[in-house]
1. Given the structure, is Glu130 farther than 26 Å from Asn19 by Cα, touching a strand residue (DSSP E or B) at 6+ places or on another chain (Cβ under 8 Å), among the charged types (D, E, K, R) and surrounded by fewer than 15 Cβ atoms within 10 Å (Cβ to Cβ)?
2. Please specify each residue of segment 85-97 satisfying the condition of being over 26 Å from Tyr192 (Cα atoms) and either among the β-branched types (Val, Ile, Thr) or assigned to a helix (DSSP H, G or I) (or both).
3. Please state which one of Thr221, Thr194 is closer than 25 Å to Pro40 by Cα and surrounded by 18 or more Cβ atoms within 10 Å (Cβ to Cβ).
4. If I ask for residues that are under 14 Å from Lys264 (Cβ atoms), in a loop (DSSP other than H, G, I, E, B) and at pLDDT below 95, which ones from segment 98-157 would you list?
5. Is there any pair linking a residue in segment 135-164 that is in contact (Cβ under 8 Å) with a residue 24 or more places away in the chain to one that is in a strand (DSSP E or B) and among the basic types (Lys, Arg), with Cβ under 7 Å and at least six apart or on different chains, and which?
6. Suppose we keep only residues that are polar (S, T, N, Q) and at pLDDT 90 or above within segment 158-187. Which one would you say is nearest to Gln97 (Cα to Cα)?
7. What single numbered condition from (1) of a type in the set (D, E, K, R); (2) more than 27 Å from Leu182 (Cβ to Cβ); (3) modelled with pLDDT under 95 fails to hold for Lys38?
Amino acid sequence: MTISIGDYNTIMDDRNIFNQIVYTPLSEALRLLEERQKDPVLMAKVNELLKGDIPEVLKNKKCGVLCRQIATPNNETRMFLSIAKDNNFSPVLLEFQDDKFTSNNKYKHSLGKLFIKNDDNLGLDSFIDEINIIDFTKHDGKKLRDIVTLWEEPLVDFHRRLFVLHDYNTTDFDFHDVSLWLKNNGDTALNYYTNLLTLFTCYGILFENFLISKDSEGDFTEKIVLPAIEKVINLTGVKPLIVPIEPMDLETENFWLHHLSKVKTLIPKK
């Protein structure tokens, strides 16, 4: 017997219903992760569904995961790493470096145009500098791993240096490019997203704020994320463990994309 999570339009129109269906509170997610990892039947089922293709970085530990095309220490990532430290789980930053760059995607655009706060306070109304660090016309459609900055530094390397600038010990967490894994785990977005969310039934907790706005990113949530969650529940019998990075009401703002002012020190002056 399959389980239906309901009408997707209705879910997208009601934030409370959406949150209940998609998310799990952190304390409960940590408890369920530990419980599920001790369940040999569930673990065997997930391994069978994924044909044993479990990223090594997710095995044998209690981990939380943030998935982004290129990891960078913006407000979102710094909040995620802080939550990991406070709750004693291993943070993993999964990347999709083979994804193609487009300025139409807000996050990808923010990798090439940095939003940098001047005063580093938490107010949403503080002044923001927007600084281009890549040639957008030149790199549109290229794989992110192949993009270089205006001063010819690989874009991935620049964003890695930002972690060092913020005094992070990068041996305390894992960077892992899942480009090949995604390629091997589905020929469509729905298929690979289903497999990705299947991982988070028992191999970690996904930290994500899915958008329900009336735009292309909201469309992705409705047409890919919700069907994938429903499919995972029907395949495994359990809900994927997804925890939001609060506050969620900032989804229409660029707050999560903002960088601290110190980032300017790594950008060569013209």
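1. yes
2. Pass one, segment 85-97, residues over 26 Å from Tyr192 (Cα atoms): 85-88.
Selection gives Lys85, Asp86, Asn87.
3. Values: Thr221 fails: closer than 25 Å to Pro40 by Cα.
Testing whether each residue is closer than 25 Å to Pro40 by Cα and surrounded by 18 or more Cβ atoms within 10 Å (Cβ to Cβ) leaves just Thr194.
4. If the condition is that a residue be under 14 Å from Lys264 (Cβ atoms), in a loop (DSSP other than H, G, I, E, B) and at pLDDT below 95, then Asn118, Asp119, Asp120, Phe127 are the ones that fit.
5. These pairs meet every condition: Gly141/Lys100; Lys142/Lys100; Lys143/Lys100.
6. Residues of segment 158-187 that are polar (S, T, N, Q), as a first pass: 169-171, 179, 184-185.
Applying the additional criterion that residues be at pLDDT 90 or above yields 179, 184-185.
Details: Ser179: 6, Asn184: 15, Asn185: 16 Å.
Result: Ser179.
7. Answer for Lys38: the failing condition is (3).
A quick yes/no check of all residues on (1) at pLDDT 95 or above; (2) over 30 Å from Asp140 (Cβ atoms):
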{"site": "Tyr23", "(1), (2)": "yes, yes"}
{"site": "Lys61", "(1), (2)": "no, yes"}
{"site": "Arg78", "(1), (2)": "yes, no"}
{"site": "Pro91", "(1), (2)": "yes, yes"}
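The values are calculated or read from the model by the stated rules, or taken from the named source; none is laboratory data. Owing to the predicted nature of the structure, the values given are computational and were not obtained by experimental measurement. In this analysis, Cβ positions are derived from the backbone assuming ideal geometry, glycine residues included, and neighbour counts consider all displayed protein chains.
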